[in-house]
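Here is the structure we will look at.
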Amino acid sequence: MLKPLFDEPKIDTHFHSGGWNVVQPAQHTLGLSRILDRYSIMLAVTSSTRALNDALEAGNAETARLCADDPRFRGLVVVNPLEPEKSLAEMDKYQDDSQFVGIKTIQDFYGLGLDDPRYSGILDKAANWNWPVMAHTGGMVDVAGHWPMNFIAAHATHGFEPLLRYANVYFDIATSPTLKARCPLAELIRRAGRRSVLFSSDAPLIDPALTLGKLASLDLGADTLAQIFRQTALIAFPRLREAPSTRLR
């Protein structure tokens with residue numbers, strides 16, 4: 001049942017380089033590339049766990065190296081609201097690098113919501129460049145209607161209802177709970193529409209098979225799967241349309 005979904009070409013919109021200090025075998029380019037091979041992932045939107053945890057400059061540079069080593073990767077510039085000037089400088093550094101397609105933050109790390117004023121300058125710059133913002137859902141409902149760029153709500157298979165009214169919010173289904181009652185994926189697809197749902201895995205922390213298994217259990221049609229696997233990503237992340245392969249269409 002899963003094999004056809006393994007073989008279906010796809011864009012994984014939630015990927016990482018580095019590790020989370022857990023047992024995680026694939027942390028270097030070769031191991032990460034093998035994940036793409038195994039699951040027919042044509043592009044993977046990735047961010048650095050090092051940048052998310054402790055070192056913006058070194059972590060974002062790590063992402064740039066991964067994208068150079070394997071052009072199937074596309075990077076997110078990690079930003080930190082507690083270091084706004086450094087975050088803006090990091091965005092400037094990678095603005096003209098076509099391998100970078102947006103920004104990433106985990107506002108929970110700082111005990112903040114995305115609506116905290118310390119994010120304002122970062123969000124202004126992202127809006128000026130039409131760069132998508134990937135973040136957890138906290139505070140997103142209060143900024144999605146204020147800034148025009150796309151927002152990627154990470155791990156959004158539950159608690160998504162307040163965000164449904166925003167056309168510029170896309171729903172990432174990575175690392176969702178395994179209990180069906182806490183992961184109403186069919187309801188999310190029905191209510192948000194397949195054009196707002198993104199294939200995402202949180203690899204290599206989580207094997208993409210987890211997300212694929214949940215999609216397989218829904219018996220979705222080919223058109224819906226194509227939308228979730230590839231087409232929505234090209235809308236949510238406009239820079240992905242610059243990818244050289246016409247197979248992404």
message: What distance in nm separates the two pseudo spin-label positions at Ala209 and Glu57, each 7 Å out from Cα along the beta-carbon direction?
response: 4.2
message: I want to verify a result. In a Gaussian network model of the chain, Cα cutoff 10 Å, which of these has the top mean-square fluctuation: Ser40, Ser17, Ser217?
response: Ser217
message: Amide H of Ile152 versus every other amide H placed in the peptide plane: which residues, excluding those fewer than 5 positions away on the same chain, fall under 5 Å?
response: Val133, Met134, Ala135, Tyr170
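Using the heavy atoms of the protein chains alone and a 1.4 angstrom probe, what is the accessible area of the chain per residue in square angstrom?
Numbers: 10570 Å² over 249 residues.
Heavy-atom accessible area per residue stands at 42 Å².
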Approximate spin-label separation Arg65-Glu161, in nm, with each point projected 7 Å along Cα-to-Cβ: 4.7
query: Dipole of the chain, Cα-centred, from +1 at each Lys and Arg C-beta and -1 at each Asp and Glu C-beta, to the nearest 20 debye?
result: 820
query: Within the stretch 117-148, whose backbone N sits under 13 Å from a point 7 Å along Cα→Cβ of Glu242?
result: 129-132
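Report, to the nearest whole %, how much of the accessible area of the chain belongs to carbon and sulfur atoms, 1.4 Å probe, protein only.
Numbers: 5400 of 10570 Å².
Summing carbon and sulfur atoms, their accessible area is 51 percent of the total for the chain.
What helices does the chain hold that run 18 Å or longer along their axis, going by alpha-carbon atoms, with a Kyte-Doolittle average of -1.0 or more, using DSSP H for the helix calls? Display every interim value, and only then the final one.
Values: long enough: 56-69 (20 Å, -0.16).
Those that clear 18 Å and a mean of -1.0 are 56-69.
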- request: Scan around Phe100 for amide H atoms under 5 Å from its own, H built in the peptide plane at 1.01 Å from N, and keep only partners 5 or more places away or cross-chain.
  value: Gly75
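The values are calculated or read from the model by the stated rules, or taken from the named source; none is laboratory data. Keep in mind it's a predicted model, so treat the numbers as computed, not measured. Cβ sites come from the backbone with ideal geometry, for glycine too, and all protein chains shown count toward neighbours. Remember, those area values only see protein heavy atoms, side chains included, never the ligands or the DNA or RNA. Shrake-Rupley method; radii C 1.70, N 1.55, O 1.52, S 1.80 Å.
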